[in-house]
Amino acid sequence: DTPYGRYEGKVQIRAFAEGFIARFEADGLEIVPKFQTRSGGRSVTEMVLNFEVDGMIDQVPMFVVADLGCRETLEEVRFYTHSSFIPHLTPYRKPLFTPAHLEMGDPGLMTGAVREYYTALHHMPRVDVERILRSMHPDCVFGGYALYRGQEPEKGMEALRRVYTGMASYIPEKVGMRYETLIDDGVTGVIEWVHVISDQGRELGRIPMGGIAAYMRGEDGRLISIRISDYAWMEKEIDWSRTDTTEEEAGRINTVREFPAGVGRKRQETL
């Protein structure tokens, strides 16, 4: 989501930077940082980019993940935003990471409410909605970084119960999620993840894609904010003529025959 594609080496990165404002069909840009999470040699900055377009300001929220290199240099930078903010960007985000195995990420590497939430959502025989809600503060806000069909953040336990009850209809036996990076400073935990999708999930029309999510703890340690950048359920809107991956190829990435009954962390048979 840089946009678009991958840029390697200083020449390409310079070309990307010089064309960045033009990609948004804007005349100018102001960057306003909101949150930063740092740990383990990575930093994640959640920011709002104020693009000047025809004398007006278009606000675009973004995650920017930076991997530390050597001698205060950066090894890699990854941008995540939502296609609804960017002119002509189709909602496909090819997974950036190739998992060593197609199992859910190990929740033992997480801590506190972030671990409790992830375990209840992805590591049970089924989603445990009540356990998820217990990991949240009553004022928790759930929302994506999207400007899509008027989506608004969800607030309140009953609204969140409806959200996760809906997820329980297809997670984990049809659509799973494997996190590939974990950046947690004790207040906010950020994970970059890729989908793991079974044949049943493919029958729903789901395509394995990458995404990112931030889980912020409140003063009592429970989750107070969940912020996600993904393209869930937008598969029918992908224009495959504008991607470097065919729909058939995209459907094979991180796809498994089926998740075993009583899914825990067993190995799956890959296609």
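The values are calculated or read from the model by the stated rules, or taken from the named source; none is laboratory data. Everything numeric in this text was worked out from a predicted model, so none of it was measured. Reconstructed Cβ throughout: ideal geometry from the backbone, glycine too, with neighbour counts over all protein chains shown. Only protein heavy atoms, including side chains, enter the accessible area calculation; ligands, DNA and RNA are left aside. Shrake-Rupley method; radii C 1.70, N 1.55, O 1.52, S 1.80 Å.
Numbers for the structure displayed
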read-out: For Val53, residues with placed amide H under 5 Å, excluding near neighbours; value: Asp27, Asp58
read-out: Exposure of Ile228 as accessible area (Å², to 10), given a probe of 1.4 Å and all protein chains; value: 30
read-out: Rg(Cα)/(2.2 N^0.38 Å) for the stretch 184-250, N = residue count; value: 1.44
read-out: The stretch 153-208, dipole about Cα centre (Lys/Arg Cβ +1, Asp/Glu Cβ -1), debye to the nearest 20; value: 260
read-out: Within the stretch 116-138, backbone nitrogen closer than 13 Å to the virtual label 7 Å beyond the Cα of Phe35 toward Cβ; value: 137
read-out: Per residue, in Å², the accessible surface of the stretch 49-207 once ligands and nucleic acids are set aside, probe 1.4 Å; value: 46
read-out: Whether the stretch 69-205 is rounded, prolate or oblate, judged on the alpha carbon gyration tensor where a/c under 1.5 counts as rounded; value: rounded
read-out: Fraction of accessible area attributable to carbon and sulfur, the stretch 1-93 (%, probe 1.4 Å); value: 51
read-out: Where Rh is the Kirkwood radius over Cα pairs, Rg/Rh for the stretch 107-149; value: 1.05
read-out: ³J(HN,Hα) computed for each position of the stretch 59-65 - Karplus, 6.51 cos²θ - 1.76 cosθ + 1.60, integer Hz, glycine/proline x; value: 9, 10, x, 9, 9, 10, 9
read-out: Ellipticity estimate at 222 nm from DSSP helix runs (n ≥ 4, -39,500 (n - 2.57)) divided over the chain, nearest 500; value: -5000 deg cm²/dmol
read-out: The stretch 237-252 - phi-based ³J(HN,Hα) in whole Hz, Karplus 6.51/-1.76/1.60, Gly and Pro as x; value: 9, 6, 9, 5, 6, 10, 10, 8, 10, 7, 4, 5, 5, 4, x, 8
read-out: Kirkwood-based shape ratio for the stretch 1-102, expressed as Rg/Rh from alpha carbons; value: 0.98
read-out: When each of Lys10/Lys94; Lys10/Lys34; Lys34/Lys236; Lys155/Lys236; Lys34/Lys174 is checked by Cα-Cα distance, pairs over 26 Å; value: Lys10/Lys34; Lys34/Lys236; Lys155/Lys236; Lys34/Lys174
read-out: Placed amide H near Tyr145: partners under 5 Å, 5+ positions off or other chain; value: Ile228, Ser229, Asp230
read-out: Scattering curve values for the chain, log₁₀ I(q)/I(0), Debye with Cα scatterers, q = 0.08, 0.14 Å⁻¹; value: -0.33, -1.07
